[in-house]
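Since the structure comes first, as structure tokens, the remarks are kept for the end.
The values are calculated or read from the model by the stated rules, or taken from the named source; none is laboratory data. What you see is a predicted model; the values in this text were computed from it and never measured. Note: ideal-geometry Cβ built from the backbone for every residue, glycine included; neighbour counts use all protein chains shown. The area values use the complete protein model at the heavy-atom level, side chains included, leaving out ligands, DNA and RNA. Shrake-Rupley method; radii C 1.70, N 1.55, O 1.52, S 1.80 Å.
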Amino acid sequence: HAGSPGPFREGKGTTFEGGVRVPFVARWAGHIPKGQVAQLPTMNLDVLPTLAVLAGATVPSERPIDGRSLWPVMSGERGATAPHEVLYFYWGAELQAVRSGNWKLHLPHPYQSLEVAGSDGIPGKYFRKEIELSLFDLEKDPAESTNVSAANPEIVKRLMEYVERAREDLGDS
């Protein structure tokens with residue numbers, strides 16, 4: 001019934017960091033180095049291509065696969081980087097945010113915010129909030145608390161180009 005997202009904004013059911021940032025833990029003796037920690041943004045859609053690589057299979061070519069293999073990162077390959085230039089955050093059919101590097105741009109959208117956590121099998125209470133077009137530097141502000149879009153119009157413009165590409169490719173309600 002709505003645990004704490006720690007230092008991050010909001011929680012599950014939102015496209016804020018408190019709703020999308022989840023640790024990924026993997027162990028495979030002799031293949032994944034012990035104690036390795038990677039602070040790279042990835043998505044659950046990266047699991048299929050990773051498993052395909054490990055199984056020696058190929059991903060279907062008749063349909064585009066958005067995920068990328070995480071194996072270079074997981075195996076400790078020297079110089080391995082984040083597998084995506086940009087991550088897209090949809091809620092249903094609505095594109096709500098994009099992330100590239102440390103920059104995350106939220107498009108104007110409504111969202112549910114937890115007012116009171118639930119307990120004893122009773123759900124918590126939520127209320128509706130809205131966010132305007134907002135840019136956050138996740139390295140300096142992982143809580144997504146300070147909108148820096150006015151001070152960074154070139155970054156907003158670059159991220160909006162990704163938004164338009166996604167809308168053309170996947171749509172946006």
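Looking at segment 14-25, which of the residues that are open to solvent by 40 Å² or more (accessible area, probe 1.4 Å) and part of a loop (DSSP other than H, G, I, E, B) is farthest from Asn147 (Cα to Cα)?
Quick first cut of segment 14-25, residues open to solvent by 40 Å² or more (accessible area, probe 1.4 Å) only: 20-25.
This time we only want the ones that are part of a loop (DSSP other than H, G, I, E, B), so: 21-25.
Working: Arg21: 19, Val22: 23, Pro23: 25, Phe24: 28, Val25: 31 Å.
Residue satisfying both the conditions and the ranking: Val25.
Of all the residues that make up segment 132-166, how many are among the basic types (Lys, Arg) and either surrounded by 12 or more Cβ atoms within 10 Å (Cβ to Cβ) or assigned to a strand (DSSP E or B) (or both)? Outline the logic, then answer.
First, the residues of segment 132-166 that are among the basic types (Lys, Arg): 140, 157-158, 165.
Filter once more, so that each one left must be either surrounded by 12 or more Cβ atoms within 10 Å (Cβ to Cβ) or assigned to a strand (DSSP E or B) (or both): 158, 165.
Total meeting the criteria: 2.
So, of the residues in segment 83-107 that are hydrophobic (A, V, I, L, M, F, W, C) and open to solvent by less than 30 Å² (accessible area, probe 1.4 Å), which turns out to be farthest from Leu170 (Cα to Cα)? Spell out how you get there, then give the answer.
Within segment 83-107, the subset hydrophobic (A, V, I, L, M, F, W, C) is 86-87, 89, 91, 93, 95, 97-98, 103, 105, 107.
Checking which are open to solvent by less than 30 Å² (accessible area, probe 1.4 Å) leaves us with 86-87, 89, 95, 97-98, 105, 107.
Values: Val86: 14, Leu87: 13, Phe89: 12, Leu95: 9, Ala97: 14, Val98: 13, Leu105: 18, Leu107: 16 Å.
Only one residue fits best here, namely Leu105.
Would you pick out the residues in segment 69-82 that are over 24 Å from Lys12 (Cα atoms) and either within 13 Å of the chain's Cα centre (by Cα) or open to solvent by 90 Å² or more (accessible area, probe 1.4 Å) (or both)? Talk me through it step by step, then tell me what you get.
To start, the set of residues in segment 69-82 that are over 24 Å from Lys12 (Cα atoms) comprises 69, 71-81.
Result: Glu77, Arg78, Thr81.
Contact list please: Cβ distance under 8 Å, first residue in segment 13-28 and under 20 Å from Gly124 (Cβ atoms), second residue in a helix (DSSP H, G or I) and not hydrophobic (A, V, I, L, M, F, W, C), pairs at least six apart or on different chains.
Close Cβ pairs satisfying both conditions: Gly13/Gly19.
Check Thr42 against each of (1) among the polar types (S, T, N, Q); (2) surrounded by 13 or more Cβ atoms within 10 Å (Cβ to Cβ); (3) free of Cβ contacts under 8 Å to residues at least 40 places away in the same chain and name the one condition it does not meet.
(3)
If you go through segment 69-79, how many residues are more than 12 Å from Met43 (Cα to Cα) and in contact (Cβ under 8 Å) with a residue 12 or more places away in the chain? Working first, answer last.
Within segment 69-79, the first condition is being more than 12 Å from Met43 (Cα to Cα), and the residues that meet it are 71-79.
Still in the running and in contact (Cβ under 8 Å) with a residue 12 or more places away in the chain: 71, 73-76.
Result for segment 69-79: 5.
Name the residues in segment 108-119 that are at pLDDT 95 or above and either open to solvent by less than 10 Å² (accessible area, probe 1.4 Å) or over 21 Å from Glu132 (Cβ atoms) (or both), would you?
Selection gives His109 alone.
Quick one: is Ala52 closer than 22 Å to Ala26 by Cα and either open to solvent by less than 20 Å² (accessible area, probe 1.4 Å) or in contact with a strand residue (DSSP E or B) (Cβ under 7 Å, 6 or more places away or on another chain) (or both)? First the steps, then the outcome.
Numbers: closer than 22 Å to Ala26 by Cα: yes; either open to solvent by less than 20 Å² (accessible area, probe 1.4 Å) or in contact with a strand residue (DSSP E or B) (Cβ under 7 Å, 6 or more places away or on another chain) (or both): yes.
Spelling it out, Ala52 is indeed closer than 22 Å to Ala26 by Cα and either open to solvent by less than 20 Å² (accessible area, probe 1.4 Å) or in contact with a strand residue (DSSP E or B) (Cβ under 7 Å, 6 or more places away or on another chain) (or both).
What's the total number of residues in segment 55-68 that are closer than 22 Å to Asp172 by Cα and either open to solvent by 70 Å² or more (accessible area, probe 1.4 Å) or aliphatic (A, V, I, L, M) (or both)? Don't jump to the end; show me each part of the working.
Initial filter on segment 55-68 (closer than 22 Å to Asp172 by Cα): 63-67.
From what is left, the residues that are either open to solvent by 70 Å² or more (accessible area, probe 1.4 Å) or aliphatic (A, V, I, L, M) (or both) are 63-66.
Selection size over segment 55-68: 4.
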